[in-house]
Amino acid sequence: MTFDRRKFLQVSGAAAGAVAAAGLTGCATAGAGSASPKIVVVGAGFGGSTFSRYIKAWYPKAQVTLIEPNAEFISCPTSNEVLAGHATMADLTRSYGNIKKIVDAFVPDYVTAINTKAQTVTTKGGKTFAYDRLVLAGGVELLFGAVKGYDAEAQKTVKHAWKASADQTLALRKQLEAMPDGGVFAMSVPKAPYRCPPGPYERACMVGSYFKKAKPKSKIIILDGNEDIASKKGLFVAAWTKHFGYGTDNSMIEFRGNNAPRALDVKNMVVGTEFDDVKADVINLVPPMRAAEICGMAGVRNGNNGNWCAVNITTFESSDVPNVHILGDSALTNFPKSGSVANNTGKMCAYAMAQIFSGQPVDAAPVVTNTCYSGTGMGTAFHVATVFRWDAEKKAMVPPKGANGVSKEESELEYAYMMSWKENVLNDTLAL
Amino acid sequence: MEKKILAIGLLVAGTLGAVASVQADPRARFMAANCAYCHGTDGKSSGAIPSLAGMEVKYFVDQMKAFKDGSRPATVMQKHANGYTDAEYLAMAKFFNAIK
């Protein structure tokens, strides 16, 4: 839940601008009064799909075109379970069937150009769609160029598995299966902000649970671009200590902070940081990331050195470009980049837009939540949960006293809750 | 033929996109929707997390108060209870109660 001062100022600045703009939004911008406002949504992940079904429920006259190149939805949350051997790709995969029926048009294509003056979106297939409101929910763009040698050829061997797919998640699982006992698994964590803050540390647990059972002499080396464990630190240290000997000479997990990968030598399977050259049998390299490519096309990657998209926190409209809304991981906010946040901010945007279309004021003091579970791989899990409310004095979304915190300890009960959360969030996102 | 199409249309509308059209103030509706990632759309849950749909208003409000003051032990719910006002508990309780 930490974020640096510059980011805080940007977020609060954007939000303050947003409040000033909110008064105008109801009458001055596109959509209000229009019988059937045209909305183009790019990306049918947790943010885009959720937005689409809720705007159709809350403002049925909206004409929604949803553009998504993937044939099926594959969940990143709980995908580390595949690395542990506790789940299959089928457990992560869901149909777009119901979302396709809810929206007015589902376009299976890539977006290649966005013109925010003409208010049009063009796809690879050569179709152009006009919009009154554009919703960009493209997740993250991985910056392979930040690591020397992590080129297209190297990516055939070294996987990030940070966007779940058979080519990534399952391929990494197969590499772990093929690794000899006593081998080294080197995995990296990008410098924050990145998608799914606790995900890398959960990954170490999941791979650890597999090694413990199948190849107990093996090692996991975490090369972290952050100084220290960036999320749920106490809980992960406790889990690593309890299950994987962390803190002893015989620890399966070794943590190296301030060790962002700088170079990759796939031929010799060596990953280099500022301090170390680490030779490994399996390398899992998660590069730094920024807001999705489509945000670049729309010129809305305006925050945090041009990496993320500053938004009006009540509507998720770009702080710079009118009628363009950015959801989920791409947005620059003080919310964690989690599936739960993408799901709920999709609804927050739908709520604001339905108010605008109805000629009603946008809620100037919204409340929104995050709940994020991590598994230990050992049948237990733990959480972080936060309620964010608009604080007029601080001009920011701030948790009230006691409304932000983590589990006391890992538990089997929370593992059951995590799996229930997974079903419910996928059902809610995809109208299943 | 026309009748058949209409019937299918109703069937589809009844089985999906089924975010409830409960008469509720949009803010209450949005706050209740915040709960869906854990408690299911409209509070209809799959798995270990309890459903909220149809829950008695007083029971819902009393549980939220008990989570807040710690008299009911919780994993995530104390944090969530601390994030809302008593008036908001009631607004959400009425929303979930109205869902059949």
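Laboratory data are not the source of any read-out in this text; all were calculated from the coordinates shown. Treat the numbers as computed from the prediction; the structure is a model and nothing was measured. Glycine gets a Cβ as well: all are built from the backbone with ideal geometry, and neighbour counts include every protein chain shown.
Show me the ranking of peptides A:329-339, A:93-103, A:77-87, A:121-131 by mean Cβ neighbours inside 10 Å, starting with the highest.
Listed from highest to lowest mean packing, they are A:329-339, A:77-87, A:93-103, A:121-131.
When only DSSP loop residues count, what trypsin sites (Lys or Arg not before Pro) in region A:153-244 have their Cβ near at most 11 other Cβ atoms within 10 Å?
Those satisfying the criteria are A:217.
If the chain between residue A:93 and residue A:191 were fully stretched, how many nm would it gain, using 0.36 nm times the residue separation less the Cα-Cα distance?
That works out to 32.4 nm of additional length.
What's the FRET efficiency of residue A:249 with residue A:274 using the Cβ-Cβ distance as r and R₀ = 22 Å, to the nearest 0.05?
Here the calculated transfer efficiency is 0.30.
At 0.36 nm per residue, minus the direct Cα-Cα distance, what do residue A:401 and residue A:130 gain on full extension? Give it in nm, one decimal, please.
Length gained, residue A:401 through residue A:130: 93.1 nm.
When a/c is below 1.5 the answer is rounded, else prolate if a/b is larger than b/c, else oblate, so apply that to region A:149-284 with a ≥ b ≥ c taken from the square roots of the Cα gyration tensor eigenvalues.
Because its axes are fairly even, with a/c under 1.5, region A:149-284 counts as rounded.
Calculate for chain A the 222 nm mean residue ellipticity that helices alone would give, adding -39,500 (n - 2.57) per DSSP H run of length 4 or more and normalising by residue count, nearest 500 deg cm²/dmol.
-9500 deg cm²/dmol
Report the extension gain between residue B:74 and residue B:100 in nm, rounded to one decimal, defined as 0.36 nm multiplied by the number of residues separating them, less their alpha carbon distance.
6.7 nm
Averaged across B:26-32, how many Cβ atoms of other chains sit within 10 Å of each residue's Cβ atom?
Taking all residues of B:26-32 together, the mean is 6.
Roughly how many debye, to the nearest 20, is the charge dipole of the protein assembly as shown about its Cα centre, given +1 on each Lys and Arg Cβ, -1 on each Asp and Glu Cβ, and no other charges?
600
Given R₀ = 35 Å, what would the calculated FRET efficiency be for residue A:365 paired with residue A:305, taking r from the Cβ atoms and rounding to 0.05?
Plugging the Cβ-Cβ distance into 1/(1 + (r/R0)^6) gives 0.70.
Compare the Cα positions of A:343, A:270, A:291 along the charge dipole of region A:244-354 (+1 at Cβ of Lys, Arg; -1 at Cβ of Asp, Glu; about the Cα centre) and return the one farthest towards the positive end.
So the residue furthest toward the plus end is A:343.
Obtain the nm distance between the two label points defined at residue A:408 and residue B:59 by a simple spin-label model: each point lies 7 Å from its Cα along the Cα-to-C-beta direction.
Placing both labels 7 Å beyond Cα along the Cβ direction yields 2.6 nm.
Find how many whole Å separate the alpha carbon centroid of region A:36-77 from the alpha carbon centroid of region A:159-237.
Measuring centre to centre over Cα atoms gives 31 Å.
Put a dot 7 Å past each Cα toward the Cβ at residue A:178 and residue A:61; how far apart are the dots in nm?
Spacing of the two 7 Å Cα→Cβ label points: 5.9 nm.
Across bins of 10 angstrom width beginning at 0, how are the C-alpha pair distances of chain A distributed, in whole percent?
5, 22, 31, 25, 13, 4, 0
What is region B:23-97 by shape, rounded, prolate or oblate, if you read a ≥ b ≥ c off the alpha carbon gyration tensor as root eigenvalues and call it rounded for a/c under 1.5, prolate for a/b larger than b/c, and oblate otherwise?
It comes out oblate by the Cα gyration axes.
What FRET efficiency comes out for residue A:143 versus residue B:66 if R0 is 56 angstrom and r is the Cβ-Cβ distance? Round to the nearest 0.05.
0.75
Compute the relative contact order of chain A as a whole-number percentage, counting only Cα pairs closer than 8 Å that sit 6 or more residues apart in sequence.
Here the relative contact order equals 22 percent.
Kindly put A:341, A:398 in sequence by how many other C-beta atoms sit within 10 Å of each C-beta, fewest to most.
Placing the least packed residue first, the sequence is A:398, A:341.
For region A:250-263, in order, what is each residue's ³J(HN,Hα) by Karplus, 6.51 cos²θ - 1.76 cosθ + 1.60 with θ = phi - 60°, in whole Hz (x at glycine and Pro)?
For region A:250-263, the Karplus-derived couplings read 9, 5, 6, 9, 10, 9, 10, x, 6, 10, 5, x, 10, 9 Hz, x marking Gly and Pro.
Place +1 on the Cβ of every Lys and Arg and -1 on the Cβ of every Asp and Glu in the protein assembly as shown, take the dipole about the Cα centre, and give the residue among A:54, B:82, A:318 whose Cα lies farthest towards its positive end.
It is A:54.
Taking the Cα-to-Cβ direction at residue A:110 and at residue A:36 and moving 7 Å from each Cα, how far apart do the two end points lie in nm?
That separation, rounded to one decimal, is 3.1 nm.
Just the number, please: percent antiparallel of the DSSP beta bridges in the protein assembly as shown, rounded to the nearest 5.
In the protein assembly as shown, approximately 55 percent of DSSP beta bridges are antiparallel ones.
For region A:149-284, give the magnitude of the charge dipole about the Cα centre (Cβ charges: +1 Lys/Arg, -1 Asp/Glu; no others), in debye to the nearest 20.
For this selection, approximately 520 debye.
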